[in-house]
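The values are calculated or read from the model by the stated rules, or taken from the named source; none is laboratory data. What you see is a predicted model; the values in this text were computed from it and never measured. Here the Cβ positions follow ideal geometry from the backbone for every residue, glycine too, while neighbour counts run over all protein chains shown. Note: accessible area is taken over every heavy atom of the protein model, side chains too, but ligands, DNA and RNA are not part of it. Shrake-Rupley method; radii C 1.70, N 1.55, O 1.52, S 1.80 Å.
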Amino acid sequence: MIFKKNFYLLVLPENLFGSAGQSWKNLSIKKIVEYLDFSPKVITFEDLDTLSLNKDDILVYTSSENPEVRQFIKNRLYYIKDKCKLIPSYELLMAHEDKGFQEVMKQEKSFGNLKGNYIFDIDNHKISYPKVLKTAQGAGSSGVFLVKNNNDVKKIKSKFFNQDIKRKLIKLQRKIKLNEQEYQIYSYKYKKFNLFVEQDFIQALECDYKVLVFGNRYYVLKRNVRKNDFRASGSGNFEFIEPPIDVLEFAKEVAHTLNNPYLSLDIAQSAKGCHLIEFQATNFGPYTLLNVPFRFVDSNGTWNKEENCKDLESNYAYSLNFFLGKKNVS
């Protein structure tokens, strides 16, 4: 495969690019480059200031689990996205560790097979009980709550939507001084808001599946729901199994929609089919790839089971080779 366009790998300080698992480990950019079918230029964010980009150029970058660094990346790449092809796309960067934007994407593109809603006012929740409410920012199972009735909503409201004492005192003063209409406007303007996502609760869920996609290679981990809980994420109760074909086909369908070389998908399965709970397209944990004994490869609609080499860098390179070759960008 010969690429005629300029190809860039954009790294963070210390050559950080994606997640290597433990926080003290780093993906080897040198190793990734050696496995690629083309010769990219490794650059930093400082290099962007002097770089002359063309529409045909390809820039592969990483995000960060640190919210300040992640916001920096979003701001720096906002205008870059109009100058070249970004991998992942800018909308996938917006979705990184942001369940709210993921929900917006799912509704806009009609994928995922799970009813959801993005809110900032707890009083505007719409989905009927039982349902799941989760904080919009961050990844993992923290900030995820099963809501069965109004009392459960009140508990969440008390924890995440409660005003501080100073604001309550000011509000009381305004109530005395303002007329009813003015106070209503004031009260809403200074109401405590927070970003949340609500989703249909999947009944009788015993497990979900973490699916990592690298090109046409799929790595699957079964995560059992923890005892006396409804969440599988973070349970630590994992199984290396041969996944149902329906899960693989659903993951493939989602991968086609998201259109990225590599993905992390959280998929649940019920009597109504498969459901996408969350997804990431950059800087996601590689535990599944590094531990499952087998991978499942889509070969022209047939699923082949292969031994897993458990090499993260070679899989990143493979997925980029596969993705860019398939898109005929050479």
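Rounded to the nearest 20 debye, what is the charge dipole size of segment 231-330 about its Cα centre when +1 sits on each Lys and Arg Cβ and -1 on each Asp and Glu Cβ? Display every interim value, and only then the final one.
On the way: 8 positive and 12 negative charges, 42 e Å.
In total the dipole reaches around 200 debye.
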As a quick test, which of the pairs K115/K148; K99/K227; K154/K227; K25/K85; K30/K85; K30/K74 have an alpha carbon distance above 19 angstrom in this structure?
K99/K227; K154/K227; K25/K85; K30/K85; K30/K74
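Write down, largest first, the equivalent ellipsoid semi-axes of segment 31-160 in whole Å, where each equals the square root of 5 times an eigenvalue of the alpha-carbon gyration tensor. Walk me through the intermediate numbers first.
Working: eigenvalues 290, 45, 38 Å².
Sorted largest first and rounded, they come to 38, 15, 14 Å.
What's the magnitude of the charge dipole for the chain around its Cα centre, counting Lys and Arg as +1 and Asp and Glu as -1 at the beta-carbon? Answer in Debye, nearest 20.
On the way: 49 positive and 39 negative charges, 292 e Å.
Result for the chain is approximately 1400 debye, rounded to the nearest 20.
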FRET efficiency for I245 and I43, using Cβ-Cβ distance with R0 set to 41 Å, rounded to 0.05:
0.50
Cα-based convex hull, segment 110-261, per residue volume (Å³, whole number)
157
For the charge dipole of the chain, defined by +1 on Lys and Arg C-beta atoms and -1 on Asp and Glu C-beta atoms about the Cα centroid, which residue among Y316, I170, P286 has the Cα displaced farthest towards the positive pole?
I170
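For the chain, with every protein chain kept in place, what is the accessible area per residue (1.4 Å probe, Å²)?
Value returned for the chain: 52 Å² of accessible area per residue.
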Listed residues M105, V69, I80: farthest to the positive end of the dipole of segment 46-138 (Cβ charges):
M105
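Subtract the Cα-Cα distance of T50 and L16 from 0.36 nm times their separation in residues, and report this length gain in nm to one decimal. Please report the intermediate quantities before stating the final value.
Working: separation 34, 0.36 × 34 = 12.24 nm, distance 2.09 nm.
Full-extension gain reported as 10.2 nm.
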Simple spin-label estimate for K74/M94, 7 Å along Cα→Cβ, in nm, reads 1.0
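Given R₀ = 45 Å, FRET efficiency for S128-N300 by Cβ-Cβ distance, to 0.05?
Values: r = 43 Å, r/R0 = 0.95.
Efficiency for this residue pair is about 0.60.
Of all beta bridges DSSP finds with both residues in segment 41-159, what is the antiparallel percent, to the nearest 5?
Restricted to segment 41-159, the bridges split so that about 60 percent are antiparallel.
For the chain, with all protein chains present and a 1.4 Å probe, just round the carbon and sulfur fraction of the accessible area to a whole percent. Please list the in-between numbers first.
Values: 8270 of 17250 Å².
The value for the chain is 48 percent carbon and sulfur by accessible area.
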Subtracting the Cα-Cα distance of I170 and N66 from 0.36 nm times their residue separation yields 34.0 nm
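Arrange the peptides 67-76, 48-57, 205-214 so that the one whose residues have, on average, the most other Cβ atoms within 10 Å appears first.
Values: 67-76: 13.9, 48-57: 12.0, 205-214: 21.3.
With the highest mean Cβ count within 10 Å placed first, the list reads 205-214, 67-76, 48-57.
Wrap a convex hull around the Cα atoms of segment 92-167, take a quarter of its surface area, and give that in square nanometres.
Details: hull surface 24.7 nm².
The Cα convex hull of segment 92-167, projected and averaged over all directions, gives 6.2 nm².
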Name the residue from T257, A268, L114 whose Cα lies farthest towards the positive end of the charge dipole of the chain, charges +1 on Cβ of Lys and Arg and -1 on Cβ of Asp and Glu.
L114
Inter-centroid distance (Cα atoms) of segment 1-79 relative to segment 269-310, Å
24
Along the Cα-to-C-beta direction of K192, a point sits 7 Å from the Cα; which residues of segment 67-88 have their amide N less than 15 Å from that point?
none
Nearest 20 debye, what's the magnitude of the dipole of segment 1-148 about its Cα centre given +1 on Lys and Arg Cβ and -1 on Asp and Glu Cβ?
480
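In nm, what is the difference between 0.36 nm times the number of residues separating Q181 and E206 and their Cα-Cα distance? Present the calculation step by step, with values, prior to reporting the outcome.
Working: separation 25, 0.36 × 25 = 9.00 nm, distance 5.02 nm.
My answer for the length gained is 4.0 nm.
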